[in-house]
1. Take the Cα of Ile314, step 7 Å along the line toward its Cβ, and report every residue of the stretch 105-124 whose backbone nitrogen sits under 20 Å from that point.
2. Percent of accessible area on the chain owned by carbon and sulfur, 1.4 Å probe?
3. Top to bottom by accessible area (1.4 Å), largest first, where do His222, His366, His50 land?
4. Rank Val363, Val303 by accessible area, highest first, at a 1.4 Å probe radius?
5. Would you check the accessible area of Ile310, probe 1.4 Å, heavy atoms only, in square angstrom rounded to 10?
6. With labels modelled as points extended 7 Å from the Cα through the Cβ direction, what inter-label distance (nm, one decimal) is found for Val107 paired with Asn152?
7. Going by average Cβ density within 10 Å per residue, which order do the peptides 1-12, 136-147 take, highest to lowest?
8. I want to make sure I understand the PRE zone here: with the label point 7 angstrom from the Cα of Phe226 toward its beta carbon, which residues in the stretch 53-78 have backbone N atoms less than 19 Å away?
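The values are calculated or read from the model by the stated rules, or taken from the named source; none is laboratory data. Predicted, not measured: the structure shown is a model, and the values here were computed from it. Cβ sites come from the backbone with ideal geometry, for glycine too, and all protein chains shown count toward neighbours. Ligands, DNA and RNA are excluded from the accessible area calculation, which covers all protein heavy atoms including side chains. Shrake-Rupley method; radii C 1.70, N 1.55, O 1.52, S 1.80 Å.
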Amino acid sequence: MVVSLNLIQSVFLGVLVFLMGNAIVKRVPFLEKYCIPAPVVGGLIFSIFHLIGVQSGAYSFTFDMALKDFFMIAFFCTIGFSASLRIIKAGGIAIAILFVISSVMLVIQNLWGITIARAFGLNPLLGMCAGSISLMGGVGSSAAFAPIMEQNGAAGGLTVAITSATFGLVMGGLVSGPIAKRLIEKHRLMNRQESDSSKPQVDYSALAVEEEVKSVPTEHLHMGFFQIVIAMGFGTLISKAIEMTGMVFPAYVGAIFAAAIILNSSEKLGIRIYTKEIEVFGSLFLNVFLAMTIMSLEIWKLVEVAIPLIIILIGQVILLALYAYFIVYRAVGRDYDAAVMSAGFYGYAMGATPNAMASMSAVVSHFDRPSPKAFFTVPIVGGFLMDFAMAVLIMTHMNLILQGVL
């Protein structure tokens, strides 16, 4: 029996799947501890239910995913509204260094995945799905980029990417903290006097301004939504211009750049951007988009790539740990802040920015010493700078593979 869901029913099921996942996450400490998103939990449960139906021949589902792209583009558009050049400049050299070494790791993740996939005779684009698309990118980028890989021959790419991203979320939480702890204890960073007067001191805590919002007027919610839609509209023009170059990029790229342009222009013109309201909508769009994506996973396609996928992911865990320990720590300062940032780096490079923040919080709590520099720098790089870099680097890799260069 084939159950065909129309557009409204597909969105309806996506919302139910998210709510189910949300309820489970709140009741299972393990899921909450390792920042496993509610849409992932609910979506995987439904996709396993779908797997049982397909394997037994009892039932299967088809979905109308026309609105999924709207939710995806709208979510990434809200990321663009956080790309303030003023804040990035305030972070100085630390942000630039972390951004560069993160971009290098993104390339390494792809090369490792591509190499192992080719060794097993698989489409190299599948290796990318178990590389930066799912790890540095996370679940959201997996759902955005993997379908493009599938369109170019990587059958099962979405399932591989979502599975890898979920694995990464767990490992990001498990490994990042011990890396920082080892660095701090080995180099005796707690015993160092870090108030070196020869170094320029930046009050990072003062750079993050918290807005108190006791209530959100309806008009403000309206304006936030309208600004998202306007950026999405202008984004279609940017996307068209990009398409004219012959390069293939995700549909959201135009929107994320349009939002960033609007944000930075508004700061100069004195036009208000409804940031808090946009963040609320961003969370909503992401949850529905991910739930719809994951509930439609065809898990049965994982069987044929199980062994190479395991090898790729274990290798990614080890490579990233070595990189964070030996490269990131040295590049960002060789001090206590650098150790905390190493944990944050592993958190978002293997999982997601919430993993990074949770890991850094655990480290500073354990050593009872704050690190404002790390808590300012990591979310800026992992939260949105890498989203910009990813669109360029991932699609460049894909195009090089399709052209036979890589």
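1. 109-122
2. The computed percentage sits at 66.
3. Heavy-atom accessible area, descending, gives His366, His222, His50.
4. Accessible-area ranking of Val363, Val303, largest first: Val303, Val363.
5. 100 Å²
6. 1.7 nm
7. With the highest mean Cβ count within 10 Å placed first, the list reads 136-147, 1-12.
8. Within reach of a label on Phe226, which here means backbone N under 19 Å from a point 7 Å along Cα→Cβ, the stretch 53-78 contributes 78.
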